[in-house]
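These notes concern the structure reproduced below.
What follows draws every value from the coordinates through simple rules; no lab data is involved. Small disclaimer: the values here were computed from a predicted structure and weren't measured. Positions of Cβ are backbone-derived with ideal geometry, glycine not excepted, and every protein chain shown enters the neighbour counts.
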Amino acid sequence: MEVESPPSTTSLIQAGEYLIVQKIDGEQSRIVRFTPKQKILIEKLKFTSDSAFGKPHGLFEVSNNQCFPMSVDRLIEELQLQEAPVATTLLDSEVVLSEIVEASDPRVVIAPSALKLEPEQKRQKLEMDAVLEMKKQGVSGQEVVAKLVEGSASFQTRTVFSQSKYIKRKAKKHSDRVLILRPTIRLLAKAYYLKDPDRLAMLRADQLALILQMAGVHHGKNVLVFEQTLGLITSAVMERLGGKGACVHFHRGAVAQSIPCVHSMNYNESTLSTFLPVRIKCLLAGKQLPYENNRKACNEEEENGDKIKEVKCEENVEDQDLEALARRNDRLDRERRGLEMTFEGKAHALIIGSRTVDPVNVLELVYPTLAPSASIVIYSPHQNTLVSCYDWLSKRQTINLVLTDQMCRVMQVLPDRTHPLMAQHVAGGHVLSGIKVVDQ
Amino acid sequence: MEVESPPSTTSLIQAGEYLIVQKIDGEQSRIVRFTPKQKILIEKLKFTSDSAFGKPHGLFEVSNNQCFPMSVDRLIEELQLQEAPVATTLLDSEVVLSEIVEASDPRVVIAPSALKLEPEQKRQKLEMDAVLEMKKQGVSGQEVVAKLVEGSASFQTRTVFSQSKYIKRKAKKHSDRVLILRPTIRLLAKAYYLKDPDRLAMLRADQLALILQMAGVHHGKNVLVFEQTLGLITSAVMERLGGKGACVHFHRGAVAQSIPCVHSMNYNESTLSTFLPVRIKCLLAGKQLPYENNRKACNEEEENGDKIKEVKCEENVEDQDLEALARRNDRLDRERRGLEMTFEGKAHALIIGSRTVDPVNVLELVYPTLAPSASIVIYSPHQNTLVSCYDWLSKRQTINLVLTDQMCRVMQVLPDRTHPLMAQHVAGGHVLSGIKVVDQ
Amino acid sequence: MTLAPTEPSFLAYNERIQEGDTVIVYVTYGQMVPTVVKRGQTLMMKYGALRHEFIIGKKWGQRLSATAGYVYILRPSSDLWTRSLPRRTQILYTADCALILSLLDAKPGSVICESGTGSGSLSHAIALTVAPNGHLYTHDIDETRTSKVLEEFKTHGLSSVTTAVVRNVCTSGFHVENDADGVFLDVPAPWEAIQFAAKSISRKRGGRLVSFSPCLEQVQRACLAMSAAGFISIETIELVPEQKKIVNQHRQTLEEFEEIGDAYPKERKRNAEGEVKEDSRVSTAIVFPYSQPTHTGYLTHATLLPVLE
Amino acid sequence: MTLAPTEPSFLAYNERIQEGDTVIVYVTYGQMVPTVVKRGQTLMMKYGALRHEFIIGKKWGQRLSATAGYVYILRPSSDLWTRSLPRRTQILYTADCALILSLLDAKPGSVICESGTGSGSLSHAIALTVAPNGHLYTHDIDETRTSKVLEEFKTHGLSSVTTAVVRNVCTSGFHVENDADGVFLDVPAPWEAIQFAAKSISRKRGGRLVSFSPCLEQVQRACLAMSAAGFISIETIELVPEQKKIVNQHRQTLEEFEEIGDAYPKERKRNAEGEVKEDSRVSTAIVFPYSQPTHTGYLTHATLLPVLE
């Protein structure tokens, strides 16, 4: 957690910052650490990190491997233009109108059984090579789309629905508008969920939000966290603490690892001060254990894939030893405080976000010493895991036990084309929550 | 199954028919056998069965304990009138307009946080007694609603949303429009689901539809059914067979019991001919067993709550013995054919709709002798039950195993007030399906 | 109860496969090929070649060896046809088909009108349900679709219960008037067809109307049109199926996790060499695939009561 | 890390209950009573009377005996407050509140505008999240609501981070301009407030907008207005929570069913006298209650980017 991060209040993009990069209407969302001279790649669009430094976070246009700040007004104008031609073409072309199952109301044009499914590649006259050539020559995405529409043999015979879909698909593919945003928990949650739901235990952004609310995380709280969600829960808790309180994080090995969601939030020292990593070994032993080997700890950090650490390991050995010592002392101090929170009745909430570890096993270790009136929130992708937890907790003094599942569906809201998305990611888990009470 | 039913093609209401009774926009749906001189009661509305006999199924108006056929046109006119005053009141009354959070568009008026929750009883000047009195005097439901609206102190200060809700609620409560319909599987499924989901194993109408489709039930098929859903699955299968094929129904005791959904469909002899009840005893023994006691069988039928049987039992003893003998022979013949279907590889589909019985136990008994290429469909309110079935089936030769769950949500579609229903019954189960194959 | 009709049919139940039968060749989960069995022909698929001669005379549901693997030969059903049919348009899947049949109160003997025909997924489901004494009238504006489905109905032994008509029901109404028990609409502007649907339904018996539309604006207009045409008990519902997969779940203790990490059991086998406890793994259902269809369309259904004399 | 602020507060963490603290008296599942502890007062509820003197000095989360049963004294939290608050209007429940906080990117230090205040369910959730250095500006057209929530904020130690304003944001805009990080709308005509929301958001930092509407028509107009006001990444989502209950499931064999019917285990105990095998019962989750909320509202959220100099 010793990453030096720029203060999160800065409003300009700085070297070393983690940033979220996504194309307008794109499907991906990447979390990238912008180091100098880096090539940033997003859905086949490329630009150098340097061109973003010193600019405010927001909308950019990419051209010639550079990104340039762009005003939102222009984007909105373009989007309106993109929708417009579809409607105009319609009114002008009788061929298209007759294709639309002779609907008298030209505004409503979706005929699910009237859509022909033909391979598109065949009907596109503009070759892939030509597109690449145009791009090399610096032709804008907008223009490429216009050319593609011209070149499509089938375009004029499509229904308006598929025409609009076609333009959108093409526009998406060739768009050179990019958002470069400062990471938020919400954006991180979405990016990892879409990229690798398995490693995130299928935790969806809406469920993460529910976990935080049921656990009552806010400024000043002491929260115990055992999670297997890439640090997402830990990071979200830390943000909500706002520099006061404690986020005790139980981790494998000598140092907290596999928590990219903590690193990429660019937290300042104040926020990082609430992060209290505790080795599972110590939790199992019920007390703090000495470090076995300093050198080993340093190597283990590499598992994290955190490049700064690696670099530091290769630095001057003496400096390193001093630094490592300071780091270890800090780590031991945080761990000592974390264990105190855990075992001395000072924790106001316990959050378990488990993927492979049986939460009951965690409960057995930390439940007895939770403060009375503490909230317990357990997330699992498997309902039966939570049924076991329910059985365990209901035999202890836990009240207000609630098991919920929730569906989160995105709506397409467009004039005369409003409906829930036809397909979306639905993987997710379940949340069990309760409150610990005592007899006296 | 020896109920004498009127042929289902009759288009007029006859004595002895089972009928579905519901109020327009009512919440209940009752299945009633219309016997002569019977009092039919639905959501506090009462009329005699005799007043319905000889009339076509459809819409009725109730007044003075009699029901009178009513044209749909009049109903629709009334419904339009009911919506209208809300809009007009709005435009006339400045008081109301200012209450609507000063929205400039009077069409959209839903302010969730602007709705006041006050006990309504207090503010209603028209007393309950007066309402009852008006009803006794034969005042129509429409008129009562108008009076209630006049009497409501708070009506003028309500938002349009709550005004409309108020009128609807009142209109519902005092409506004297009744639908008397011939039962269909869809209507029966809904009525029982709303009335007693537990006894129906939470089986929803949409899931029943899926079961039939996955089992591929149609004219001429031989289908094995073990169900604990009040005969609903059995009845639906019988209807789809249309008089050819077999619906083998495994039941407790000496005669099929607790299958009101079969009785209330008024099936003709042709449809009833495909009903082959088989005692679980015989299924367990793997062969047909003799009846232990004739008298006992007759008594057991009473469990069914079927009044005709009781009456028959009290008839002349000799007649009864002859009749009982004929009935028993018919029963034994059907059972013999049912066992043949089960054990001689003639069944093309197996449906299990279980509530308390472990479906694996049923599979062990009937799966080995199913015809190859047979569909297996298992419904259970408990997902883990189906996980066990999946394990069992995947170890045998079952392919195309699919476990699904489905959400079925009702939309409110009203001008400027379109949204999914705010609350509805969501209990339901899960469906596992597969296809049996053989090596050679 | 074994039937022996002379003609091949989706409704027939011979124990063994005959020439002319439509079989569903089950290759893998998600890959099924419908084929009409004909001597001299050969099916080519993932697992190599399979000569039709080899299929004839075999039991339905039997495993057969192709040149590079084995397949199963399944009896056609409405669901299997929906999952394997040659697609000419977007189709209605089994969950929607099932509910539509139920909302139409379809059963043997029902007279049902459908528009459009599309790829005939629902058409087959309806035809199989109303057989042998009911009838399906299916309408489409595209002649290639109606002629294709007629051809399929012939091959599948469903000709006697089906009629396919090239017609725009929104302007010209349905082929049958005053005789249908149910009308199903899957057209871009259902509100234009609703008055015709009312005319098509039997005045004496009354009937049911079901309309499928992806967008809410279509539903809103359709509801108004239904009410205006005298339909009652109008209700719009949406079905969202969720498919699950059964997986082996491994519950670790914290100690195990600390020692070996969160590696899944199969990886563990290599690490711990035979020390994996099988009993720590339980079968459990998870939502899978992660991305699934979450909307097909809204189903609006309504009743037209018999008309009083 | 134990804090000892002098003022009672939802944010305070004393181990024992002091006079002036708001406690949530947990009577039964679904019945919770929020009370400000004050010497001399007595709480009357289902389980009889409980004198406040008896509460003071006790540990949070402790069981206390009332005259006719016992209750638990819980520390107030955003969720418990939502579930027990005095309702003056329809309120936003925890699932929606949680998602709204997330969509607003709310955290300590955030400046958030809200309209309307309603019963203050979401207001409390926001105030607790943005404390200690952020601020909530909550707006309502009804003065009784704003003054009631101000009173509650005072009692709950949240005064320093909250301001309540009587104002119609659809005509007069928000109390703060060019300073908010997030704006939340729960008004009948959100499209009228959206231009004001854009003005309220900090030009330099940009911000987030979330609008809650029960009806789709409101959403459609709001989306158009957001796009026109320069918001991007506009998305509408709907949250449908489903509550489960854990029950003991009994799996019978066919033989057991034949013998004793489908009676549930507790009834069986009487019949079979001690022969009930406990191990045949497994815990399982079912959807319960059978009837549940299936819609509260659509949440439309969008981003306003910082303005270029």
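For this structure, a couple of remarks:
- Modelled FRET efficiency - R0 60 Å, D:Ser147 with A:Asp319, Cβ distances, 0.05 increments: 0.45
- Listed from fewest to most Cβ neighbours within 10 Å, the set D:Met32, A:Met238 follows the order D:Met32, A:Met238.
- Across the identical copies, how the D:Gly48 labels are spaced - nm, sorted shortest first, 7 Å along Cα→Cβ: 8.4
- Ranked list, fewest to most other Cβ atoms within 10 Å of each Cβ, for B:Leu339, B:Leu332: B:Leu332, B:Leu339
- Long-range HN-HN contacts of A:Val426 with modeled amide H, under 5 Å: C:Ser291, C:Gln292
- Cβ-derived FRET efficiency at R0 45 Å, B:Ala326 paired with B:Gln440, nearest 0.05: 0.50
- Distance (nanometres) between label positions extended 7 Å along Cα→Cβ at B:Leu289 and D:Thr163: 8.3 nm
- For C:Gln252, the residues whose amide H sits under 5 Å from its own are A:Val357, A:Asp358, ignoring neighbours fewer than 5 places away on the same chain, with H placed 1.01 Å from N.
- Paramagnetic label reach from A:Asp198 (point 7 Å along Cα→Cβ; backbone nitrogen cut-off under 18 Å): within segment A:224-252, residues A:228-231.
- Phi to ³J(HN,Hα) by Karplus 6.51 cos²θ - 1.76 cosθ + 1.60 over segment C:88-102, Hz, x for Gly, Pro: 10, 8, 5, 10, 8, 8, 4, 4, 5, 3, 4, 5, 4, 4, 5
- Across chain D, C-alpha contacts under 8 Å between residues 6 or more apart give a mean separation that, scaled by the residue count, equals a relative contact order of 13 percent.
- Net charge over other residues, Cβ less than 12 angstrom from the Cβ of D:Glu53 (K, R count +1; D, E count -1): +3
- Between C:Glu255 and B:Asn64, the simple label model (points 7 Å from Cα in the Cβ direction) yields a spacing of 8.6 nm.
- The protection proxy used here, the mean number of other Cβ atoms lying within 10 Å of each residue, ranks peptides C:64-71, B:228-235 as follows, highest first: B:228-235, C:64-71.
- Electrostatic dipole magnitude of chain C [Cβ: Lys, Arg +1; Asp, Glu -1; Cα centre; debye, to 20]: 920 debye
- Sequence-ordered 3J(HN,Hα) estimates for segment D:103-110 from the Karplus curve with 6.51, -1.76 and 1.60 and θ = phi - 60° stand at 5, 7, 6, 5, 7, x, x, 5 Hz, glycine and proline given as x.
- When segment C:84-232 is reduced to its Cα atoms, the Kirkwood hydrodynamic radius in Å: 15.0 Å
- Mean shadow area of segment D:1-97 over all directions, Cα convex hull, nm²: 7.0 nm²
- Computed as a quarter of the hull surface, the mean projected area of the alpha carbon convex hull for chain D stands at 22.2 nm².
- Farthest toward the positive end of the dipole of segment C:1-76, out of C:Leu11, C:Thr22, C:Trp60, is the Cα of C:Trp60, where the dipole comes from beta carbon charges about the Cα centre.
- Residue by residue along C:201-214, Cβ atoms of other protein chains within 10 Å of the local Cβ number 2 on average.
- A simple count of charges around B:His348, restricted to other residues whose Cβ falls under 11 Å of its Cβ and scoring Lys, Arg +1 and Asp, Glu -1, yields +3.
- Links that overshoot a 18 Å alpha carbon limit, given the list B:Lys44/B:Lys190; B:Lys395/C:Lys245; A:Lys221/A:Lys346; B:Lys244/B:Lys346: B:Lys44/B:Lys190
- Farthest toward positive dipole pole in segment B:185-436 [+1 Lys/Arg, -1 Asp/Glu at C-beta], among B:Val360, B:Tyr193, B:Cys261: B:Val360
- Summed side-chain charge close to A:Arg74 - residues other than A:Arg74 whose Cβ falls under 12 Å, Lys, Arg +1, Asp, Glu -1: -3
- In this calculation the C-beta distance from B:Thr35 to D:Glu53 is compared with R0 = 60 Å, giving a FRET efficiency of 0.35.
- Semi-axis lengths (Å, descending) of the ellipsoid that matches the C-alpha gyration tensor of segment B:185-436: 32, 24, 15
- Between identical copies, the spacing of B:Gly54 label points, each set 7 Å from Cα toward the C-beta atom, reads 9.8 nm from nearest to farthest.
- Peptide B:354-365 shows a mean partner chain C-beta count of 4 within 10 Å per residue C-beta.
- Remark on A:Ile259: its backbone amide H falls under 5 Å from none of the residues 5 or more positions apart or on other chains, H modelled at 1.01 Å from N.
- Peptide-level mean, for D:88-100, of C-beta atoms on other protein chains within 10 Å: 5
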